[in-house]
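Presented below is the structure to which this report refers.
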Amino acid sequence: MRAGRRLTRVAACAFAVAALGYSAWVPVQFLNTRIGGPGAYVSELAAADQPWSWLVRAADVLSGIACLVAVALAPDERPCRWATAGWLGLALLGVMTVLDSGAFPLDCAVLSDPSCAAAEAAGRVSAAHRIHTVTSALASAGAVLSLVALPVSALRRRRWPLIGYGGAVLAVLMAAATVWTLAAVASGAPVGVAQRFQVAVIGLWLLLVAVALWRDRTAAPPPKSHILLEGAGTPPVLICAGMAAAWFHWDRVAADLGRDHAVIRFDRPGLGLSSGHRRPPTLRQEAERIGALADVPLVVAHSAAGRHAEAFARLHPGRVAGLVLVDPSCDSVVRPRGAARAAAVRAVQRALPALGGTFGATVLASLTLPFAHRLLMGAHDRARSVYGRGRVLAATVAEWLAYRDMAVELRGLRATCPFPDVPVVILSAGPEDPCHRDLAALLNAKLISLPDTGHEVELERPEAIAGAVRAISRFHDT
């Protein structure tokens, strides 16, 4: 069973636990005879002064936490906004359920204890007691939102028919229960039966979602690589973006070079518009990717991708026209990880592809990556749509974890594979970097300093990159 399928089943189990915890009031109402029958609120069973309230509150907190875990591990249905709204509704239900009993329980049983009702009317209750009404209403609102949005998403996408058709039936029942509850509150009629019906519908909804996810057998889509070819001319220029970067960062460079070169841009697996990665990235794998994209290219590589380009040149010395290394990653001394740390990193790397396909990863990416992009690289129209994806976050973490391993792998290649006699230009941004000077000596490269430029040379000085490429092209022409 693939990792993504396992995570979906974990989400299903978590939803089942949430449904079970949300239904704890059913047996407890027979244990606590002080609550005035079905006419009382269900939440009175969890009031601070009631026996067995600790059990109801613990079950509610467990239910809320399980619901949040389930939503986080649920499959990401982007770009379906109905699915997003549905999962967020269930997340709201989970958060408010935790707060409802864990942080803001009732002080006492309002409908079952006249003295409690009098204290509430006189305002002699705690802030938690008053807030409880708000958290309960928001929990119900989250359930209603999910009962509307997820069935619409399921029916439109023809996925999870149990959620689509079963959820539609429960949505009608939930609407009837909500109207019944509100009418009972407004008229002073016994509200307990109506509220119990409403809470029972929510419990059945959580269980139905659990069953639908457990039975889900949707196959993973085939891998898709985003490759962009522009212009014409030789040698072809292959652009390798830096860590976590995408094709659009190189628009200005490609537009300039496309006038006299064939320019190839691509997104590595999980980044940009390419589908998610399925295995941890390695240096040899990235070198082979370069070789598969172009025949005898002039490789422009930024930051960590400089290692990919150098590895390609060493592994395939007859298939490279030259290198332009743009502020390349450079480490004087890199030591392998210890055995325990290496095993932990491998475990995380194996889990990342599946985690990148979850709704929780998408939410986390949407909240962090576009902001980080704006902070580090400035605003761009495509940034939110590209970086608000869980798979991009997973691929970014995977590349960061592989950073040291690739450095160690390159050191081994340097010891066994000579560097070919091809022209190399290194563009070094910022203050003078002794490591870049040593790298230039190692590769017999021309070192060009750009002291007033930041790390993102492709955005700040695209003409410097184009100039370096044309200098190598003139070398080939002569």
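The values are calculated or read from the model by the stated rules, or taken from the named source; none is laboratory data. Source: prediction; values computed, not measured. Virtual Cβ from ideal backbone geometry, glycine too; neighbours counted across all protein chains shown.
Of note:
- Listed by position, the helices (runs of 4 or more DSSP H) enclosed by the range 326-403 that each have at least 2 residues that are among the aromatic types (Phe, Trp, Tyr) are 359-377.
- Of all residues making up the range 231-271, the number that are surrounded by fewer than 18 Cβ atoms within 10 Å (Cβ to Cβ), aliphatic (A, V, I, L, M) and either within 29 Å of the chain's Cα centre (by Cα) or part of a strand (DSSP E or B) (or both): 1
- Residue within the range 392-406 that is crowded, with 20+ Cβ neighbours inside 10 Å, over 19 Å from Gly272 (Cα atoms) and hydrophobic (A, V, I, L, M, F, W, C) present: yes
- Which listed residue, of Leu427, Leu447, Leu439, is crowded, with 20+ Cβ neighbours inside 10 Å and not in a helix (DSSP H, G or I): Leu427
- Test: residue in the range 387-405 that is farther than 18 Å from Pro281 by Cβ and outside the structural domain of Pro79 (by TED's automatic domain parsing): yes
- Scanning the range 49-68 turns up no residue that is among the charged types (D, E, K, R), modelled with pLDDT of 90 or more and farther than 25 Å from Ala127 by Cβ.
- Scanning the range 46-62 for residues that are in contact (Cβ under 8 Å) with a residue 60 or more places away in the chain and part of a helix (DSSP H, G or I) yields one hit, Ala46.
- Val211, sole failed condition from (1) in contact with a strand residue (DSSP E or B) (Cβ under 6 Å, 6 or more places away or on another chain); (2) over 30 Å from Ala383 (Cβ atoms); (3) hydrophobic (A, V, I, L, M, F, W, C): (1)
- Extreme residue, surrounded by the most Cβ atoms within 10 Å (Cβ to Cβ), among residues of the range 123-148 that are of a type in the set (A, V, I, L, M) and in contact with a Ser or Thr (Cβ under 8 Å, 6 or more places away or on another chain): Ala139
- Members of the range 296-353 that are surrounded by 14 or more Cβ atoms within 10 Å (Cβ to Cβ), more than 30 Å from the chain's Cα centre (by Cα) and small (Gly, Ala, Ser): Ala311, Ala313, Ala321, Gly322
- Looking across the range 76-122, the residues that are more than 25 Å from Trp54 (Cα to Cα), free of Cβ contacts under 8 Å to residues at least 60 places away in the same chain and not in a helix (DSSP H, G or I) come down to Pro79, Ala122.
This table checks each residue for (1) β-branched (Val, Ile, Thr); (2) outside any helix (DSSP H, G or I); (3) farther than 14 Å from Ala245 by Cβ; (4) in the same structural domain as Val299 (by TED's automatic domain parsing).
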{"site": "Pro420", "(1), (2), (3), (4)": "no, yes, yes, yes"}
{"site": "Pro431", "(1), (2), (3), (4)": "no, yes, yes, yes"}
{"site": "Cys435", "(1), (2), (3), (4)": "no, no, yes, yes"}
{"site": "His455", "(1), (2), (3), (4)": "no, yes, no, yes"}
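- Taking the range 162-181 as the range and being without any contact (Cβ under 8 Å) to a residue 24 or more places away in the chain and more than 16 Å from Ile202 (Cβ to Cβ) as the test, the residues that pass are Gly164, Tyr165.
- Scanning the range 155-194 for residues that are closer than 24 Å to Ser63 by Cβ and in contact with an Asp or Glu (Cβ under 9 Å, 6 or more places away or on another chain), we see that the one that is modelled with the lowest pLDDT is Gly192.
- Filtered residues of the range 422-466 (kept if acidic (Asp, Glu) and at pLDDT 90 or above): Asp438, Glu463
- Options Gly291, Gly318, Gly270, Gly322: the member that is farther than 23 Å from Gly467 by Cα and in contact with a Phe, Trp or Tyr (Cβ under 9 Å, 6 or more places away or on another chain): Gly291
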